[in-house]
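*Asks:* Before we start, here is the structure in question, set down as structure tokens.
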Amino acid sequence: MPDHFHALFVLPRDTTPGSIVRTLKGPLTPPIRKRNLHWQKNFFEHRLRENETTDPYLRYMLCNPYRAQLLATNEVWPYWKILSNDAQWFVDKFPKQRPEPEWLALQAPWKNDANHKIAG
């Protein structure tokens, strides 16, 4: 995405999404500022419960550039980054590596979740 990114991490219980974001922002801030760009002030975080599946979140992330009309639905988003040991898992779940048409109408899976919060 040109102005934000989505990430799905497996975190130890004592690690917060905010600490990961701070770790990412530190080394990336200088090159971003050189281009006269700025970080998004707030970010959304949601820790999945043990009984939650990643599928709705992955579908949302997969659909995001298509909803923004950055490419046609028959094209594959060229900026996916999946660690090599996880790539087969993603391909198995989403073999086309692009959204099914009905996914594009789905809302963000966290829309009505009381545990969803804005951090910054």
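*Asks:* Could you tell me whether A72 is more than 27 Å from P27 (Cβ to Cβ) and small (G, A, S)?
*Replies:* yes
*Asks:* Filter segment 43-62 down to the residues that are over 14 Å from H4 (Cβ atoms) and among the hydrophobic types (A, V, I, L, M, F, W, C) and list them by number.
*Replies:* Residues satisfying the conditions are L48, L58, L62.
Only the coordinates and a few stated rules stand behind these numbers; no lab work does. Predicted model only: the values in this text are computed from it and were never measured. Here the Cβ is made from the backbone with ideal geometry for all residues, glycine too, and neighbour counts use every protein chain on show.
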